[in-house]
Structures are given as C-alpha cells and as structure tokens.
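The values are calculated or read from the model by the stated rules, or taken from the named source; none is laboratory data. Predicted model, so just to flag it, every value in this text is computed and none were measured. Positions of Cβ are backbone-derived with ideal geometry, glycine not excepted, and every protein chain shown enters the neighbour counts. Side chains are part of the model used for accessible areas, which takes the heavy atoms of the whole protein and leaves out ligands, DNA and RNA. Shrake-Rupley method; radii C 1.70, N 1.55, O 1.52, S 1.80 Å.
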Amino acid sequence: MAGESGGVGADEALSRLLNGDKRFVAGKSEEPQGAALIERRHALAKDQKPFAVILSCSDSRVPPELVFDVTLGDIFVVRTAGEVVDEVVVGSIEYAIEHLGTHLIVVLGHQRCGAVSAAVSGAAETGDIPKVLKPILPAIEETKGQSGDRIGNAVRANARDIAKRLQSTGPIITPRVESREVKIVAAYYSLDTGQVELLR
C-alpha cells in the first residue's frame, strides 16, 4: 500500500479526494483499521509519497484525513486558522512539491469558519490573533455587498485568493504551476453535509 500514493498526477489526485469525500458524506469511509492500519504504518516508516497537499483550517471539525477518507501517508496536511499563509506554510508546501513529488494543492475553506467570522465582525482580539485575521480582510472587502451569507462568501473568496496567491509564490511552486506539473484548487467544506465543493 505504501507505494500507492507515489507518482499520482494532479487530476487523479483530485478525483481520489472527491471520491473519498463522497464516501465520507455517505458514511461509507474505507480507511484501513486494525491490522491493515498497522501494516500501512510499517510500510511508511521510512518514506512517504503523499498524493496531495491540503491547506486547511485548524478547526477541529474539519480533519482532512476524515473528510477525504484517506489514511496514513496519503496527504500532506498544513493547517492554520483561516488557512492563513505565511513563510512557514509556503515552505511546508514547497517541501511536499520539491521533495515528496506531490502535484496537487487544495486550499480548503469551510462553512462558519471562526477566523473568518471574527474578521467579518471586526472583533477586537488580543495576543497574536489579529495577525491571523489581517490576511483575511481582503476577502471581506472583496465580498462586501454581495448577496447571501456574508461569512460564507468571505470564506469562499479567502480560499480562492489564497489559491491564486500560491500560484505566483516562490521559485518552486510557480514554475510547476506554469508548466501544469502542479495544480492548485480552492474548495469549500460544508459542516452541515460533509460535502466538499470545488470553487471556480
């Protein structure tokens, strides 16, 4: 099983994730348990070849491994509140692309995101929380006046903005995006249904 993730192209990787989410929504997850999980753990002890990078929110209700019905070694996960990107996040993604051979990056926003909600409300936060909220503000400005749910609109815009920004970030990601070796997509996860929606 350890070799099943290696060498997977972006389109196939995205298809795997979406099919996994369909199983999750239907309550038919297939991730290995018991002896099969132990075998998988042993097979991955010395190497990893994740087939996708998932940049998602730290929210405890959005664990990518469960949402996409994948197991050990399948996805390289980077999580921050509101999917906020800094140099460490970019470097982590670059590592997966450069050293692990991953060809797909998914930026996953989610329904009722607390970070986006706080940024929308203009809450006076203390500590380092304002540093999390500041990068979300452009998405709020972008969606101001749109019909529908203000937070949902901002979450979607934030995910799209981050995906777009990653496309032109640094010497590792950008050339691979331009050559179509790497694909970056934005997506939205519904807490109510468990469904992942690709954002255009």
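Summary table
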{"quantity": "Residue match in segment 27-38 (condition: closer than 26 Å to GLU181 by Cβ and not in a helix (DSSP H, G or I))", "calculated": "no"}
{"quantity": "Cross-chain or 6+ apart pairs with Cβ under 7 Å, segment 170-198 first and among the aromatic types (Phe, Trp, Tyr), then part of a loop (DSSP other than H, G, I, E, B) and open to solvent by 20 Å² or more (accessible area, probe 1.4 Å)", "calculated": "TYR189/GLN111"}
{"quantity": "Matching residues in segment 137-168 - criterion: being open to solvent by 70 Å² or more (accessible area, probe 1.4 Å), assigned to a helix (DSSP H, G or I) and either closer than 16 Å to ALA186 by Cβ or in contact (Cβ under 8 Å) with a residue 60 or more places away in the chain (or both)", "calculated": "PRO138, GLU142, ARG160, LYS164, ARG165, GLN167"}
{"quantity": "In segment 35-91, the residues that are among the charged types (D, E, K, R), touching an Asp or Glu at 6+ places or on another chain (Cβ under 9 Å) and either within 20 Å of LEU137 (Cα to Cα) or open to solvent by less than 50 Å² (accessible area, probe 1.4 Å) (or both)", "calculated": "ASP69, ASP74, ARG79"}
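Each row is one residue, and each column tells you yes or no for (1) at pLDDT below 95; (2) outside any loop (DSSP other than H, G, I, E, B); (3) out of contact with any strand residue (DSSP E or B) (no Cβ under 7 Å at 6 or more places or on another chain); (4) β-branched (Val, Ile, Thr).
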{"residue": "ARG40", "(1), (2), (3), (4)": "yes, yes, yes, no"}
{"residue": "ASP47", "(1), (2), (3), (4)": "yes, no, yes, no"}
{"residue": "PRO50", "(1), (2), (3), (4)": "no, no, no, no"}
{"residue": "ILE54", "(1), (2), (3), (4)": "no, yes, no, yes"}
{"residue": "SER60", "(1), (2), (3), (4)": "no, no, yes, no"}
{"residue": "LEU66", "(1), (2), (3), (4)": "no, yes, yes, no"}
{"residue": "PHE76", "(1), (2), (3), (4)": "no, yes, no, no"}
{"residue": "GLY82", "(1), (2), (3), (4)": "no, yes, yes, no"}
